[in-house]
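Colleague: Below: one structure in structure tokens.
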Amino acid sequence: MSEETAVNELISIERYLNNEMSEEELTGFEYKLQNVAGFREKVRKVQLILLGISESVFGEQMNVFHAELENHHSQKEKVFVSEKWAILVTVILLLGIGIWFLLPKSFSGNSLYTDYFKPDPGLLTLMSPEQDRYGFERAMVDFKNGEYNKALLVWHEQLEQNPANDTLIYFVGAAYQAIGKYDRAQIYLQEIAGNEKSVFYRDANWFLGLLKVRSAQNDEAIRRLYISEYEKAEELIGRLTR
Amino acid sequence: MGFKTLGSKKVNGGYINEHKADAALKELYLSNYLNIEKYILANHGTKEDAKDIYQEAFLVYWRNMKLGKFSTFHSNSISGYLLQIAKNKWIDILRREKRMNFVPLDEESQLYDLSEDLNEEEKDYIDIVKKHYDELGEPCKTLLKLFYFHKESMKEIAKFFSWTDATAKNNKYRCLQRLRDKVTDL
């Protein structure tokens, strides 16, 4: 088959697959489908080729979607640097506790808290069409815009339906902390900070650690900050033990 | 058997244009991943396994949608459907590799019809097409991608390549025919 004939056949098959044929054309094409040996298979193969092209591109696109997911997760996952860091922090921790009892306190927990506290940046919002998820994500947009009370209204309602949902518990705690209701924040964060299985375990320990810094419970603060593995934890532990 | 339309904007029914469809697919992809990752990680898998399994499951969903298998687009049922495909695929792997103690499928997750419109031979054929498409070279790859995946008009494609509309149309068919020849030559 010449290239021109092959291309013309391709044009015709594509017009058929796209429902673009006139009545007359369609009748002729369907006759061919019924009566010409191998033609039906040819049409199916063109259909599969078109599907294959789209699938190949879609595969690339899924990788782009996934990179976005990983990028977001990497912001949430705090990197535990190395064993050396763990040993160093342990030594600092032990030294710090000793020195803490020997030296007068030379800093204010409140000012350290202010230096280190930045509200959780929140989660990527996708605006899922699912009712519950949409409500959660709508509230997450409010949270990220600093409208913590609005977010709390929604999340509290959702918590009534899902009292064990660690995401809700964590973000309710984070919202209370952001508006300065520290006692309430502590109640919620404590729950997640004791749940190693939660993806917010380290975050909750960081924010709970900061609350402990604020209330000058330094031993507990150091323990929580250490667990958090946050980048700034080492520095803050250093300042607490100075 | 009649052929369902493919490649036209009519295929998905619910979509007004493909850009909205892209955004909806992305949303769907992002919002369902963690659920499946959680399952794979709880059953001896790694994050890499979770990604592979999820993408396989998502491709099955997307393919069936393209082939017109789904007439409705309810995200709840899609989530359950994706989870079930992923679980089945992962259980197959666990059984094959004899990694034991996986979490069994519950009754609820068996509610979805997982049959596919393509047989194994057709799936293999698509894999061959994908391989040759990846090796097709430019400008054919981009041209076909813009037309068949992104649903750009020939006018837009012509503008993109600085071609006339007629050249764009001819080149599209030449590129498609070249791909067809490569696949047929096997």
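The values are calculated or read from the model by the stated rules, or taken from the named source; none is laboratory data. These figures come from a predicted structure and were not determined experimentally. Positions of Cβ are backbone-derived with ideal geometry, glycine not excepted, and every protein chain shown enters the neighbour counts.
Colleague: Does A:Ile222 satisfy the criteria of being surrounded by 21 or more Cβ atoms within 10 Å (Cβ to Cβ), touching a residue at least 40 places away in the same chain (Cβ under 8 Å) and part of a helix (DSSP H, G or I)?
Modeller: yes
Colleague: Out of curiosity, is A:Ala178 farther than 30 Å from B:Ala24 by Cβ, of a type in the set (A, V, I, L, M) and modelled with pLDDT of 80 or more?
Modeller: yes
Colleague: Hey, does region B:58-74 have a residue that's facing chain A (nearest Cβ under 10 Å), surrounded by fewer than 17 Cβ atoms within 10 Å (Cβ to Cβ) and at pLDDT 80 or above?
Modeller: Scanning region B:58-74, I find at least one residue that is facing chain A (nearest Cβ under 10 Å), surrounded by fewer than 17 Cβ atoms within 10 Å (Cβ to Cβ) and at pLDDT 80 or above, so the answer is yes.
Colleague: Looking at region B:106-137, which of its residues are surrounded by fewer than 16 Cβ atoms within 10 Å (Cβ to Cβ), part of a loop (DSSP other than H, G, I, E, B) and at pLDDT 85 or above?
Modeller: Listed by number, the residues that qualify are B:Glu135, B:Gly137.
Colleague: What's the number of the condition A:Met21 fails, among (1) out of contact with any Lys or Arg (no Cβ under 9 Å at 6 or more places or on another chain); (2) more than 8 Å from every other protein chain (Cβ to nearest Cβ)?
Modeller: Single failed check for A:Met21: (1).
Colleague: Quick one: how many residues across region A:24-39 are aliphatic (A, V, I, L, M) and within 12 Å of chain B (Cβ to nearest Cβ)?
Modeller: Final tally of qualifying residues: 2.
Colleague: Mind listing whichever residues of region A:185-219 are assigned to a helix (DSSP H, G or I), modelled with pLDDT under 90 and under 17 Å from A:Gly96 (Cβ atoms)?
Modeller: A:Asn218, A:Asp219, listed by residue number.
Colleague: For region A:13-27, which positions are over 47 Å from the mean Cα position of the chain (by Cα) and surrounded by 13 or more Cβ atoms within 10 Å (Cβ to Cβ)?
Modeller: A:Met21, A:Glu25, A:Leu26
Colleague: Let me ask something additional. Residue by residue through region B:150-173, note down the ones that are facing chain A (nearest Cβ under 10 Å), in contact (Cβ under 8 Å) with a residue 24 or more places away in the chain and either touching a Cys at 6+ places or on another chain (Cβ under 7 Å) or not in a loop (DSSP other than H, G, I, E, B) (or both).
Modeller: Result: B:Lys172, single match.
Colleague: Taking A:Lys78, is it surrounded by 11 or more Cβ atoms within 10 Å (Cβ to Cβ), of a type in the set (Lys, Arg), at pLDDT below 75 and at negative phi?
Modeller: Yes.
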